[in-house]
Amino acid sequence: MRAVILVRLKNRTALEVRKAFARSAKKLPEEMRLSMTYDQGRERAEHKLFTKAAEMKVYFAHPAIPNEIRIANFSRRFLL
């Protein structure tokens, strides 16, 4: 199952992103809390702390793999 979840951020610091994502992840049904895929970015620097807090594995999209980029861009198109 794939889903796009919007999380309101006060700023784009790694600390704010980790806390906001963890709050949001804890509200998800258990079957959706198996893993999350991030794009690359400095605001994802605290991903190990997020994994611990949310009990959810984190994977990073590879910028050189067209399929992963296509999925991310497809999702962004609807958000902008």
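Taking a straight Cα-Cα cut-off under 20 Å and skipping sequence neighbours fewer than 8 places away in the same chain, the aspartates and glutamates within cross-link reach of LYS26 are GLU16, GLU43, GLU46, GLU55. Our estimate of slack between ARG8 and LYS52, defined as 0.36 nm per intervening residue step minus the Cα-Cα distance, is 13.7 nm.
Coordinate-derived values only; no laboratory data. Bear in mind that the values here come from a model prediction, so they are computed numbers and not experimental data.
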